[in-house]
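Worksheet: one structure, shown below.
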Amino acid sequence: MKKLTLTLLFALVGCASQTWNKPGATQNEFNADRYACLQESQQQQGRAYVNPYGGAAQSGSVTNIFLFRACMQAHGWNLQ
């Protein structure tokens, strides 16, 4: 029974949504900081492969979540 209770507790905690909080900040300030941090944390990613029948390549941008979080915290936001 104790194991089931712990499992359910961890499942509920894992489903809880997190939000960014900065006392006194407006939604517009959040949007501006989030946009700036998303731009700063973009990294290029590419991959390619070749086999006897041909090959393919693709590239794009991905967000480095660690850089994004660091940027938001530098702007005074806390993830709760």
Among the residues of region 9-47, how many are of a type in the set (Phe, Trp, Tyr), farther than 12 Å from residue 69 by Cα and modelled with pLDDT of 95 or more? 2
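Here is a check on your reading of the model: is residue 50 surrounded by 10 or more Cβ atoms within 10 Å (Cβ to Cβ) and modelled with pLDDT of 90 or more? Full working, then the answer.
Numbers: surrounded by 10 or more Cβ atoms within 10 Å (Cβ to Cβ): no; modelled with pLDDT of 90 or more: yes.
Answer is no for this residue.
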Please state which of the following conditions residue 66 fails to meet, knowing it meets all the rest: (1) modelled with pLDDT of 95 or more; (2) more than 20 Å from the chain's Cα centre (by Cα). (2)
Starting from region 38-57, keep only residues that are at positive phi, then list their pairs with residues that are loosely packed, with under 11 Cβ neighbours inside 10 Å and not charged (D, E, K, R) whose Cβ atoms are within a distance under 6 Å, requiring at least 6 positions of separation or different chains. none
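The values are calculated or read from the model by the stated rules, or taken from the named source; none is laboratory data. Keep in mind that what you see is a predicted model, and the values were worked out from it rather than measured. Quick reminder, even Gly has a Cβ in these numbers, built from the backbone with ideal geometry, and neighbours come from all protein chains shown.
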